[in-house]
Amino acid sequence: MEELKVQPIKEGTVIDHIASGTALKVLSILGLSKSPTATVSLLMNVPSKKYGKKDIVKIEARELKPKEVDKIALIAPNATINIIRNYKVKDKYKVKLSEIIIGIVRCSNPSCISNLREPVESKFSVISRKPLKLRCYYCERELTDIIENIVI
Amino acid sequence: MSSLKGKDVISIKDFSKSDIKEILRVAKRMLPIASGERKDDSLEGKILATLFFEPSTRTRLSFECAMKRLGGSVIGFTEPTSASIAKGETLADTIKVAEAYSDIIVLRHPNEGSARLASEFSSKPIINAGDGAGQHPTQTLLDLFTIKEEFGKIENKNVILLGDLKYGRTVHSLAYALAVFRVNLTFVAPQQLQMPTEIISGLKDEFGIDAYQTISLEEVIPQADVLYVTRIQKERFPDPAEYAKVAGTYKIDLEALKKVKEDLIIMHPLPRVDEIAPEVDCTKHAVYFKQASYGVPVRMAVLSLVL
Ligand SMILES: [Zn+2]
């Protein structure tokens, strides 16, 4: 069976093992869905031995920054990042969610001080990984909609 | 030296059981000083800054009184319109200025998390005197102190929390603090104002406490040692008729107290509206005014331990 239906890329990043149906969100939080120049291939619902079905995102000529990888970890905790150079996988690692999430999501509590004009970044601690639950360091409330509140 | 020296007082969850016990112990010692019977000037030369971004006269006065009873002095403001905040200064900047002028800062602010933020910008201790719908740890401490004073201990008492358990976050902190002392918790509230499930499961996971939930006060009041009453706010109800029905259900009057334990105590954070009938005030069960008066010794204890 033909596993990948698109051309391999020369340089860039392949984000593999994204839960099926989540690839568009990954594009969105990376700001790629609106980028006029990025060359991006999207594979949705491809067969996967591990998960049944998965999504894959290939981004040409771009390597992800650590903060971008952290964002992916929030919405696709099983994703694998493959760094491609000259058609070869130069580096491959699983995304890893840190204990403290800084500046990536905003607090869903509108009257939280971190949402006001103060010189601080948002800060959350991970209180549960499965399902993913974050608690605001400032107002101590649990974040209700993580994906909606990711800062793009 | 106390382990509390230099510590911020932001959320009751920052304190271990032994921290809390130490505060209650010192508060007891403060009683005669709080009443003016004995003099103490251990905080002479120290300055407390009270930054009240919203009015709360009761809380502010008890902090000022506590500081002055210990020989310290107080600076601060209660009218944010006259302060630089009105000009758009950040809380972080206000705190940095107040830090330079004082030894300890008491903050009351309408936004949740503001005390935590303040603590990041101040090397001097911050005491949270209420941040929006957030924490108010010294209220929780004085609630604990009241139970301790009345019974000699907190452990294993049957405590009912009654009223708006959904939105009242001070009740959430109190539930947590009571769980630290392994009390038997009963939550009585109308269906739409029950304790949030994450609090219930938190008490279970963290302390193994199975709180009992009901809408019927009648069913549980005979076993209670403590009845902690909170106000049900009208504005939580879309239909005024619904509110009237619910508010009436939990009216604490002599009739409601017919089948209670001899030594049941009734607490309320005050101000009350009509959830406790005035006729209850002269029964031996009513301790809410005494509870309010404990605000001073408890805050004295916090100030003297932290400074
Ligand atoms: Zn928050």
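Values for this structure:
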read-out	value
Residue among B:S18, B:S62, B:S119 that alone is within 16 Å of the ligand (Cβ to nearest atom) and within 24 Å of B:A177 (Cβ to Cβ)	B:S119
Conditions (1) surrounded by fewer than 13 Cβ atoms within 10 Å (Cβ to Cβ); (2) part of a strand (DSSP E or B): number failed by B:L227	(1)
So B:A241, is it crowded, with 16+ Cβ neighbours inside 10 Å and either touching a His at 6+ places or on another chain (Cβ under 6 Å) or not in a loop (DSSP other than H, G, I, E, B) (or both)	no
Elements of type strands (runs of 3 or more DSSP E) contained in the stretch B:29-144, each with 3 or more residues being open to solvent by 40 Å² or more (accessible area, probe 1.4 Å) and more than 14 Å from chain A (Cβ to nearest Cβ)	B:73-77
Residue match in the stretch B:266-277 (condition: at positive phi and either without any contact (Cβ under 8 Å) to a residue 60 or more places away in the chain or of a type in the set (A, V, I, L, M, F, W, C) (or both))	yes
B:E198 being assigned to a helix (DSSP H, G or I) and within 14 Å of another protein chain (Cβ to nearest Cβ)	yes
Residue tally, condition at pLDDT 95 or above, more than 9 Å from chain B (Cβ to nearest Cβ) and in a loop (DSSP other than H, G, I, E, B), over the stretch A:122-152	1
Failed item, numbered, when B:R169 is tested on (1) surrounded by 20 or more Cβ atoms within 10 Å (Cβ to Cβ); (2) in contact with a helix residue (DSSP H, G or I) (Cβ under 7 Å, 6 or more places away or on another chain)	(2)
Positions within the stretch B:57-92 being among the hydroxyl-bearing types (S, T, Y), in contact with a helix residue (DSSP H, G or I) (Cβ under 8 Å, 6 or more places away or on another chain) and modelled with pLDDT under 95, in sequence order	B:T59, B:T78, B:S84
Single unsatisfied condition, A:D55 versus (1) of a type in the set (D, E, K, R); (2) part of a strand (DSSP E or B); (3) open to solvent by 90 Å² or more (accessible area, probe 1.4 Å)	(3)
Residue within the stretch A:21-32 that is without any contact (Cβ under 8 Å) to a residue 12 or more places away in the chain and on the phi < 0 side of the Ramachandran plot present	no
Residues satisfying the stated conditions in the stretch A:83-109, i.e. more than 20 Å from B:S11 (Cα to Cα) and either at the interface with another protein chain (Cβ under 10 Å from one of its Cβ atoms) or among the aromatic types (F, W, Y) (or both)	A:Y87, A:Y93
From the options A:K34, A:K50, residue that is closer than 21 Å to A:L74 by Cβ, loosely packed, with under 14 Cβ neighbours inside 10 Å and out of contact with any strand residue (DSSP E or B) (no Cβ under 9 Å at 6 or more places or on another chain)	A:K34
Which numbered condition A:S108 fails, given (1) among the hydroxyl-bearing types (S, T, Y); (2) assigned to a loop (DSSP other than H, G, I, E, B); (3) away from the ligand (no atom under 16 Å from the Cβ)	(3)
Qualifying residue in the stretch A:82-104 (condition: outside any strand (DSSP E or B), in contact with a helix residue (DSSP H, G or I) (Cβ under 9 Å, 6 or more places away or on another chain) and within 16 Å of the ligand (Cβ to nearest atom))	yes
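Yes/no matrix, rows are residues, columns are (1) open to solvent by 50 Å² or more (accessible area, probe 1.4 Å); (2) among the hydrophobic types (A, V, I, L, M, F, W, C); (3) in contact with a Cys (Cβ under 7 Å, 6 or more places away or on another chain); (4) more than 24 Å from B:T170 (Cβ to Cβ):
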site: B:K245; (1), (2), (3), (4): yes, no, no, yes
site: B:T249; (1), (2), (3), (4): yes, no, no, no
site: B:A256; (1), (2), (3), (4): no, yes, no, no
site: B:K259; (1), (2), (3), (4): yes, no, no, yes
site: B:D263; (1), (2), (3), (4): yes, no, no, yes
site: B:P269; (1), (2), (3), (4): no, no, no, no
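The values are calculated or read from the model by the stated rules, or taken from the named source; none is laboratory data. Everything numeric in this text was worked out from a predicted model, so none of it was measured. No Cβ is skipped: glycine too gets one built from the backbone with ideal geometry, and neighbour counts run over all protein chains shown. Only protein heavy atoms, including side chains, enter the accessible area calculation; ligands, DNA and RNA are left aside. Shrake-Rupley method; radii C 1.70, N 1.55, O 1.52, S 1.80 Å.
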